[in-house]
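Trainee: This structure is in structure tokens; I'll ask about it shortly.
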Amino acid sequence: MNPRLLQIGPLSEGLQARLAQWPVTSLWREPADHLSRYGGDYDVVVTSARHGLSEAQLAQLPRVRAICSFGVGSDAICVAAAQARGIRVSVTPDVLNDCVADLALGLILATARQLPASDRFVREGRWAAGAYPLTRRVSGKRLGIVGLGRIGEQIALRATGFAMPMRYHSRRPHPQHGDSHEPDLLALARWADFLVLACPGGAATHHLIDAAVLDALGPQGVLINIARGSVVDEAALVAALREGRLGGAGLDVFEHEPQVPSELFELPNVVLLPHVGSGTVETRQAMEQLLLDNLAAFLRDGEVLTPP
């Protein structure tokens, strides 16, 4: 089989060079009517968690039999519609767990100890005028995790090094952490000093973290989001931070990326990152290889290695 590939959005230069061993069309470079005219020419879609694939797009791709995505999230991909047609879907899980969990702990430390603001304090020459204000301790504080999947487990493991008691909220108890399961999200937020979001995106978790949860976390609590921006009601988050009803936030993802609410820029208790949870050389290379391995497995056997 010499498949024709449709790439929905740009990926790294290295990955695109490796995909070029097959005939591949870059959809974002084509006219707006490309799918309606030529959608029947393609066998495989290559996309990412960011670029996704809509149901309307898929409807114009009658010959497609596989969707290979770069990233662990599948909420931007019409998985149910694809599966209804027998289309194989793959993502790139597990290989990014360590780096995303590392970043979650980094955001906890950076937010509680106000590391970026302290750095600016030195660079701007303000140290000579007096010491930086006291910040908050991390070791021994209570850690709540929303979503104890693969990444959530790694976050919990790292937190043991800081002697942080852990509880979590998920749809069902984890077999190895049943005693720490908290079925009531508001109760978990009231208990936690740090609430880390590690759950999937999509309709089921849209605005799961609303004003009520933020108020339960409270003026000493810190929200950390390395999941999806859609999980948080961003307007409610901005209001809680500006009004002092929430102690701080460390955010790697946002509701309308790359747009970030400007009200967050000057708050010293907020750390903002440009969605770099998996953004290390080692992890991105592993993700690229897994996408290619999924594509090769489909072309060889008609199956993928890592479905969502």
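Trainee: Would you indicate which of (i) 152; (ii) 247; (iii) 201 is the value of volume of the Cα convex hull per residue in Å³ derived from the coordinates of this structure?
Mentor: (i)
Trainee: Next up: Sort 27-39, 98-110, 236-248 for me by packing, meaning the mean count of neighbouring Cβ atoms within 10 Å per residue, highest on top.
Mentor: 98-110, 236-248, 27-39
Trainee: Output the peptides 62-70, 300-308 sorted from most to least packed, where packing is the average of other Cβ atoms within 10 Å over each peptide's residues.
Mentor: So the order, starting with the most tightly packed, is 62-70, 300-308.
Trainee: Here's a follow-up. Per-residue HN-Hα couplings for region 21-27, Karplus 6.51 cos²θ - 1.76 cosθ + 1.60 at θ = phi - 60°, whole Hz, x for Gly and Pro?
Mentor: Coupling constants for region 21-27: 5, 10, x, 10, 10, 8, 4 Hz.
Trainee: Could the peptides 121-134, 258-271, 78-91, 186-199 be put in order, highest first, of the mean number of other beta-carbon atoms found within 10 Å of their residues?
Mentor: 186-199, 78-91, 258-271, 121-134
Trainee: Now a separate question. Are there DSSP H segments in the chain that both extend 27 Å or more along their axis (alpha-carbon positions) and score a mean Kyte-Doolittle hydropathy of at least -1.0? List them, or say none.
Mentor: Span-like helices here: 281-301.
Bear in mind these aren't lab numbers, they're just calculated from the coordinates by the rules spelled out. All figures in this text were calculated on a predicted structure; none of them were measured in a lab. Glycine gets a Cβ as well: all are built from the backbone with ideal geometry, and neighbour counts include every protein chain shown.
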